[in-house]
Amino acid sequence: MSIDQDNSTKENIGSISLSDEMKKSYLDYAMSVIVSRALPDVRDGLKPVHRRILYSMSESGYFYNKAYKKSARIVGDVMGKFHPHGDAAIYDSMVRMAQNFSMRLELIDGQGNFGSMDGDRPAAMRYTEARLAKVTDNIVSDLDKETVDFNPNYDDSTIEPSVLPAQFPNLLVNGSGGIAVGMATQIAPHNLTEVINATLHLIDNPDCEIEDINNIILGPDFPTGGQIIGTKGITEYFETGKGSCVIRAKTSIEEFKKDRESIIIDEIPYQVNKSRLIEKIAETVNNKIIEGISDIRDESDRKGVRIVIELKRDVDSKIILNQLFKHTLLQSSFNSNMLALYKGRPEQLNIKQLLLYFISFREEIVTKRTIFELNKSRAKAHVFIGLVVANENIDQIINLIKESKDSKIAKENLKKISWKISKNIINFINIIESENTQLKNNIYNFSEEQAKAILELRLHRLTGLEREEISADLSAIIVDIKKYLEILNSRSKLLNVIKSELNKINQEFGTPRKTEIITKEYKQEDEIKFIQKEDIVITISNNGYIKRSLLVNYRSQNRGGKGKTGMSTREDDFVKQLFIADTHTKLLIFSSIGKVYKLNSYSIPEASLKARGKPIVNLLPFSNDEKIATIVPLPINEDNWKNLFLIFSTKKGMVRKNNLNDVAKSGKKELRETGKMSIKLLKDDELIGANLTNDNKDIFLTTSSGKFVRFPVYSLSTKSGLNTQGNKSIFLDNDNFVVSSSILKHSKIDIETRNEYLKFSSEQRKNNQPNIINEQFLELQKNEEFIMTVTSNGFGKRSSAYHYRILEKRNTNSKGSKAIEVTNKTGKVVDSFIVNKDDQIILVSDKGKIIRVNVNQIRIAGRSTQGVSIFNIPNDEKIVSISRVQDLNEDEEK
């Protein structure tokens, strides 16, 4: 390279800002994606790739009444002429327009394997064939009448339309979806008949409300059918262009055996993969999320969808169906965002704006088409006028032609001479010609076109019949011209043309609605109504495995029995806690680190007695060092929560009182499953209890060494915050810790009277002996509670709560009083709680054994005794958990 060339090159290189160039380039890219790739045009409802496919097929003549053509040929034409973005993208777009489960009104008629609702890929394009569907004629039919603008293609080798002259609102009928840069569109398909009727109504009533349109277009109409639950989302979508609706599969219940039913799924939600749906249903059954299903079969064929779900005997089909709606895509949401291009710019539209834009577009198209037809008819009539004038002067014209040397001179002579014409022809000329430059003083001069037509006229056209035919043809053209002029001069007539075309399309292609609209709004909280209410045992292992089992599965044994294995455990794991509830109970789950979570009991997976269950981390976001401390069932009536308190108790003897609302809710909202901290703990401390109570009760704490403290709930001040430690309740030695916390009735009868009452045996008190009956006795008898205390070596006893004295306030220096005689034989205290005579208790060993014992088989003893053996266990086995099984007939207020 010479020095001059090098200098010239340097002079042509400019310096620009990288930031500015990035902004400009990204903006160019974004606009290209928005305008030329991802968003549909509001006028024809098509994105560029779909428009190019339809135009290319139209241009090639692949109409519905012609033979199918190979898809590869169609794709090649589109890619070579209009869309150089890869054959796969073009083929996928073409395939979708031929799928009856994707399009409410297919625009392409496909032959071969074009995919399925199971997500199967279509056959390769070299195997499939296609042609335009019949309805597509109403999208491309007026392309040759100068109705739309044409632009150069990507390499300027040909031209393509900027929009197709669609005769119906395709954007609403077939919907659209696309992700652009910084924006996305998702428009649901709708019923053709409803859309056309709404368009007709809007033409006649342009000032109507959106509500009026909503009364005609009931909502989306998906090609796969299904049900839309509630109309609130539809109304919002129509009014703002954004909204969400809940779609459900259409199902029915059939009885196929005695006491057995099956759920039949005939239609599934839009854009749901049928094969994956069935896999998901099977997965929920295998994971015991949904129980009661015995078999799942896909019996779908060419006639339609049919999925059969067989249920087990005596299973409530409504409950299973509601669970399927929650846990699978049998119910899904369709989020609509009516974003489309209007005049080349993306615009958020409501349904009225969309239809008004379409009507305006149709006015423009019909006007341009009418002008084209008018000009074409005028040109044709212009030639016929020349022929009629020639027929009126036929002898003179023949002589002129005979005297002309050649055709060129003959043409010039015809144009030069002025011809006399009749009054009837003058009237025709005034209608046909926009400017009558050839007519002056009833004298007419031929134009170039007319002179040429006269010279080309065959002699047989000079016969009487032929001359009459020419006049008839001219009269017919005059009728057409008058019609076109009326359309152009009257907007009402123009709108009538649009309405006529819409009605014709509706009559030929309109179909009944496929998607059913259920007006009742969907409510998530209604789910509990479809959960069968059953008494359950919730089992938690030391390593954090949780499950629920039916209470009736635990057999009752006599005192001293050998027990029944309650779960399969590993050597380093054992059942730590049992909790009795029912499937409708909402639970507050408190962890050892002081965190609280809310969980529905029915969401805990059900498992057999010997199963380990599922890790709690699968249900709640527990950390590695977090374990369940206690579970509190919540009262159903939330209005009562304001009068209830939670008493927190820790292993190191700290207690704290909070209002239930402060714990069970997060501000004004419901506490989520993600949980929150409920108490601040000291180092190495753990939460061991959170008791639900009111101010009229006592808090009762028991320690591992057999000591207890008891004081009124009202003596504790109510804390508003959760990030506090609470107050010390008992003085603990180094090896002593709190094992349990309970709530007891508060008695106002003096100690002397209670001691006098306790002098009588429990049998005497129970039998109401006449010599001890008095008013105070009856009150004490009515309110008497019994405390069950169990030790690690299987010893236990029942004692009257009246034996446990009440401190009027906390004494932080108190080591407590004796609750049970603790020896090497009995082992340390494991738990202490209230029982009733008709209750049972379930004891769990660290080897996973479970025994269920009737409380009335355990004798009532004094406070300072060691009790009796209630569970014969080997020396290397310890009791680790005890749970009360409440009598199911017991009054809840007891």
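Among the residues in the stretch 397-416, are any modelled with pLDDT of 80 or more, exposed (fewer than 14 other Cβ atoms within 10 Å of the Cβ), part of a loop (DSSP other than H, G, I, E, B) and in the same structural domain as LEU474 (by TED's automatic domain parsing)? For the stretch 397-416, residues modelled with pLDDT of 80 or more, exposed (fewer than 14 other Cβ atoms within 10 Å of the Cβ), part of a loop (DSSP other than H, G, I, E, B) and in the same structural domain as LEU474 (by TED's automatic domain parsing): present. Sub-9 Å Cβ pairs linking a first residue in the stretch 745-761 that is within 14 Å of ALA801 (Cβ to Cβ) to a second residue that is at pLDDT below 80 and assigned to a loop (DSSP other than H, G, I, E, B), at least 6 apart or interchain, are TYR757/ILE749, ordered by first then second residue. Looking at this structure, is LYS380 over 30 Å from VAL497 (Cβ atoms), modelled with pLDDT under 90 and of a type in the set (Lys, Arg)? In short, no. Residues in the stretch 397-416 that are free of Cβ contacts under 8 Å to residues at least 12 places away in the same chain and either touching a strand residue (DSSP E or B) at 6+ places or on another chain (Cβ under 9 Å) or of a type in the set (S, T, N, Q) (or both): ASN399, SER404. When every residue of the stretch 140-163 is checked against the conditions, none turns out to be closer than 20 Å to SER71 by Cβ, in contact with a strand residue (DSSP E or B) (Cβ under 7 Å, 6 or more places away or on another chain) and among the hydroxyl-bearing types (Ser, Thr, Tyr). Could you tell me whether the stretch 854-861 includes any residue that is in contact with a helix residue (DSSP H, G or I) (Cβ under 7 Å, 6 or more places away or on another chain) and either farther than 18 Å from PHE737 by Cβ or not hydroxyl-bearing (Ser, Thr, Tyr) (or both)? Yes, that holds for at least one residue. Contact annotation: residue pairs with Cβ atoms under 7 Å, 6 or more positions apart or on different chains, pairing a residue in the stretch 631-657 that is on the phi > 0 side of the Ramachandran plot with a partner that is crowded, with 21+ Cβ neighbours inside 10 Å and assigned to a strand (DSSP E or B), are GLY653/VAL738. Inside the stretch 732-765, residues that are among the aliphatic types (A, V, I, L, M) and in a loop (DSSP other than H, G, I, E, B) make up a count of 2. Hey, among the residues in the stretch 620-637 that are within 29 Å of the chain's Cα centre (by Cα) and surrounded by fewer than 18 Cβ atoms within 10 Å (Cβ to Cβ), which one's nearest to PHE590 (Cα to Cα)? The selected residue is PRO621. For GLU756, the requirement of being modelled with pLDDT under 85, surrounded by 13 or more Cβ atoms within 10 Å (Cβ to Cβ) and under 30 Å from VAL617 (Cα atoms) is not met.
PHE871 fulfils the conditions (1) part of a loop (DSSP other than H, G, I, E, B); (2) aromatic (Phe, Trp, Tyr); (3) closer than 21 Å to ASN755 by Cα except for a single criterion, (3).
Of the residues making up the stretch 672-731, those that are in a loop (DSSP other than H, G, I, E, B), among the hydrophobic types (A, V, I, L, M, F, W, C) and surrounded by fewer than 17 Cβ atoms within 10 Å (Cβ to Cβ) are LEU682, PHE731. Can you say whether LEU780 is among the aliphatic types (A, V, I, L, M), at pLDDT below 85 and surrounded by 14 or more Cβ atoms within 10 Å (Cβ to Cβ), as far as the supplied structure shows? Taking the combined requirement at face value, the residue satisfies it. Of the residues examined, PHE731 is one that is of a type in the set (A, V, I, L, M, F, W, C), more than 55 Å from the chain's Cα centre (by Cα), closer than 24 Å to LEU807 by Cβ and modelled with pLDDT of 80 or more.
Count of the stretch 284-317 residues, restricted to those that are surrounded by 14 or more Cβ atoms within 10 Å (Cβ to Cβ) and not in a loop (DSSP other than H, G, I, E, B), is 11.
Listed conditions (1) in contact (Cβ under 8 Å) with a residue 24 or more places away in the chain; (2) of a type in the set (D, E, K, R); (3) not in a loop (DSSP other than H, G, I, E, B) are all met by GLU106, apart from (3). Do you know which of the residues in the stretch 176-211 that are part of a helix (DSSP H, G or I) and under 27 Å from the mean Cα position of the chain (by Cα) is nearest to LEU494 (Cα to Cα)? So, considering only residues that are part of a helix (DSSP H, G or I) and under 27 Å from the mean Cα position of the chain (by Cα), the one nearest to LEU494 (Cα to Cα) is VAL195.
Annotation note: Cβ proximity below 6 Å between a residue of the stretch 162-187 that is in contact (Cβ under 8 Å) with a residue 24 or more places away in the chain and a residue that is surrounded by fewer than 16 Cβ atoms within 10 Å (Cβ to Cβ) and of a type in the set (A, V, I, L, M, F, W, C) (sequence gap 6+ or interchain) occurs for VAL181/ALA30.
The values are calculated or read from the model by the stated rules, or taken from the named source; none is laboratory data. Because the structure is predicted, anything quoted here is derived from the model rather than measured. Cβ sites come from the backbone with ideal geometry, for glycine too, and all protein chains shown count toward neighbours.
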